[in-house]
Amino acid sequence: METKILSVLEERISKATENLIAIDVMEAEYAKLLAIGQEKNADSWITRSQNQSPHCKFGETGVCCKICAMGPCRITAKAPKGICGCDVHGIVARNYLRFTAAGSATHSDHGREICHTLHETAEDGNYKIKDPDKLIRLAQEWGIETEGRDIYELAHEVAFEGLQEYGKPFGTLRFLSRATKERQETWAKLGIEPRAIDREVSTSQHMTHIGCSSLPDVLIKQALRAGLSDGWGGSMMGTEFSDIMFGTPKPIDTEANLGVIDKEYVNIMVHGHDPSLSEMIVEHANDADLIALAKSVGAKGVNIVGICCTSNEVTMRHGIPMAGNFLQQENAVLTGAMEAVVVDVQCIFPALGPLSKCFHTKFITTSVVAQMPDAEFIRFNAQTAGENARNILTAAIENFKNRDQEAVYIPQMKAKARVGYSCEAIIKQLDTVTSSYIDELGTWKPLIECIESGVLRGAVAMVGCNNPKVRADFAHIELMKKLLKNDIILVLSGCSAQSAAKGGLMNFEAKDIAGAGIKRVCELANIPPVLHMGSCVDISRMMILVNQVADQWGIDVPQLPVVGCAPEWMSEKAVSIGNYVISTGIDTFLGIVPYVDGSDVVKDILTNQARDWTGAAFTFETDVDKLGDAMIQRIEEKRLALGI
Ligand code: MSK
């Protein structure tokens, strides 16, 4: 009986590798890996999640306050106020603001590191300028002299000005001028134009200290401001400067899911968010002496695969295969075929160290920001980047001989994907449809015409993580399929993009499950029906896209039939993103409710009142089908209001 089930499963998997991969097929494979781990007494997120359930209701509803040492205070019917007198609405809003500020700080600190890397670029250095045109455009946008300048001298000045954005004493962020006039006026009127990036995080911490703000509307406005300093500040610089140094992404073919791990090769998994290290690893992975070393230990070569947003960065620019997203990080180690897990910052399970010890895998941390137990710490920095990368590659290659080949189990499932859709790439692709529209930087008119005519009903920006509270990838993939059937095109980033890639939705052939309108657009423009726009910080690309589209259409951003969605989010960064997305005028649909259920006032601000402020608000809905229906309904309402 068991053999029969396995053979049915194997047949489905072999079909899945060619077409769409069903979630239940993936889950069956993950279960096999989990069983391998259990034999080795390995821990897993599934068991840890079970151990943590049920979750603390005070924490889950946001009513626990521990911002001073008089508490912790927990709000109940018997104790409706904290010791300082703050009511539940103030406590929930303060917690929400702190959550947002942490997310904003995290994205923006990533952006800061990228600024420093840009400042280190040199003709003969580890980092070079790969997109000088983008650098010059950005310098001109910032009013920096470009005529007759050495490109590296220019890069250093732009990097310096970028770093000034973090702590400048006066004014507001430079990139706000990229938003439509209407957005800029809305932010100014509401008093949420972000000033220096660090200042908004710092002010958020100050406002939530004991004895400062406890008015929920004031606290939520600051959350919007802190979010904006991320999306239109730190994240946007992270994206733009990465493009300048590593190249602006353009369409490239790759593959996704655990089947990209190769038994015959030295496998190295890069994981985290900052592309500075992974770019170097990719650059040196094919050095002749390292390939010779790999062959000398019995491998055919070196195979780099990615997890989370570091993966998104190197797949967008080099087509490096994606082993998976957030909840796949342990599975990749459980295959027993991973010589090294090399991590930079964010979304890395501290569990990877102990898990790696159950196998021959080396767990290598590289950033002072993310240091963990059972890891080898190789401090990475821009001056020694090439040497750091080669040392890591050498250590991984030499570790190949310690692998137990008999015990390796790599699920043979992978899907083809086309990735690399920066704004520049999308515009270029659209211009192939209507060449008469070509100008220097292209135009969004073909896209606007498709939406106006109803060939496309609208667009959804789907982003965010996996969360053990819900079935991994299920909401992402089911919602994408539903939206595609309704002729709603998708732009994706972060772990949502990897869900789509694993499920086969970034394959050109996936157009066949979409409605007739999208199918036609995909055929004409030669694009897959869901477009990979990059990592978490690259949601800034989406902000530029919607603002340029609104501007060229001659309408305001909130009028666009476009919504945002994070169906399985889990991180503080995701809440920061949500805040800047609604501040940008895009309704945002969440499948996981933030820790605000304890205050009807805060919930009402986020889901209703925010619309009066910014033209957009959150919708919280944990039922996947209803979440999809709500997005479609909102898009149709916007179409109706536009008279299209
Ligand atoms: S990696 S923040 S789990 S999307 Fe950007 Fe994925 Fe969420 Fe991390």
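The values are calculated or read from the model by the stated rules, or taken from the named source; none is laboratory data. For clarity, every value in this text was computed on a predicted model and none was experimentally measured. Because the Cβ atoms are built from the backbone with ideal geometry, glycine has one as well, and the counts that use them run over all protein chains shown. Heads up: the accessible areas ignore ligands, DNA and RNA and are worked out on the full protein's heavy atoms, side chains in. Shrake-Rupley method; radii C 1.70, N 1.55, O 1.52, S 1.80 Å.
Of all the criteria given as (1) at pLDDT 95 or above; (2) assigned to a helix (DSSP H, G or I), the one not satisfied by GLU449 is (1).
Of the strands (runs of 3 or more DSSP E) contained entirely in region 557-641, those carrying at least 3 residues that are more than 16 Å from the ligand (Cβ to nearest atom) fall at 618-620.
Residues being free of Cβ contacts under 8 Å to residues at least 40 places away in the same chain and either away from the ligand (no atom under 16 Å from the Cβ) or touching a Phe, Trp or Tyr at 6+ places or on another chain (Cβ under 6 Å) (or both): count how many of those fall in region 280-332.
Looking only at that region, the number is 11.
The requirement of being modelled with pLDDT of 95 or more and either surrounded by 18 or more Cβ atoms within 10 Å (Cβ to Cβ) or touching a Ser or Thr at 6+ places or on another chain (Cβ under 6 Å) (or both) is not satisfied by ASN391.
As for region 290-299, it holds no residue that is modelled with pLDDT of 95 or more, of a type in the set (A, V, I, L, M), open to solvent by less than 10 Å² (accessible area, probe 1.4 Å) and within 19 Å of the chain's Cα centre (by Cα). Criterion applied to THR180, THR121 was being more than 21 Å from ASP230 (Cβ to Cβ), surrounded by 13 or more Cβ atoms within 10 Å (Cβ to Cβ), touching a residue at least 60 places away in the same chain (Cβ under 8 Å) and among the polar types (S, T, N, Q), and the one residue passing it is THR121.
When you scan region 218-324 for helices (runs of 4 or more DSSP H) that lie fully inside it, which ones turn up with 2 or more residues that are in contact with an Asp or Glu (Cβ under 9 Å, 6 or more places away or on another chain), on the phi < 0 side of the Ramachandran plot and of a type outside the set (Phe, Trp, Tyr)? Reasoning before the result, please.
Details: elements: 235-246, 275-284, 288-296, 308-318.
Qualifying helices (runs of 4 or more DSSP H): 235-246, 275-284, 308-318.
Going by what's in this entry, would ASN95 be described as modelled with pLDDT under 95 and open to solvent by 30 Å² or more (accessible area, probe 1.4 Å)? Taking the combined requirement at face value, the residue does not satisfy it.
Could you list, in sequence order, the residues of region 337-363 that are assigned to a loop (DSSP other than H, G, I, E, B), more than 16 Å from the ligand (Cβ to nearest atom) and either of a type in the set (A, V, I, L, M) or open to solvent by 10 Å² or more (accessible area, probe 1.4 Å) (or both)? Scanning region 337-363 gives ALA337, MET338, CYS358, PHE359, HIS360, THR361. Of the residues making up region 481-539, those that are assigned to a helix (DSSP H, G or I), open to solvent by 10 Å² or more (accessible area, probe 1.4 Å), free of Cβ contacts under 8 Å to residues at least 40 places away in the same chain and of a type outside the set (A, V, I, L, M) are LYS481, LYS485, LYS511, ASP512, LYS519, GLU523.
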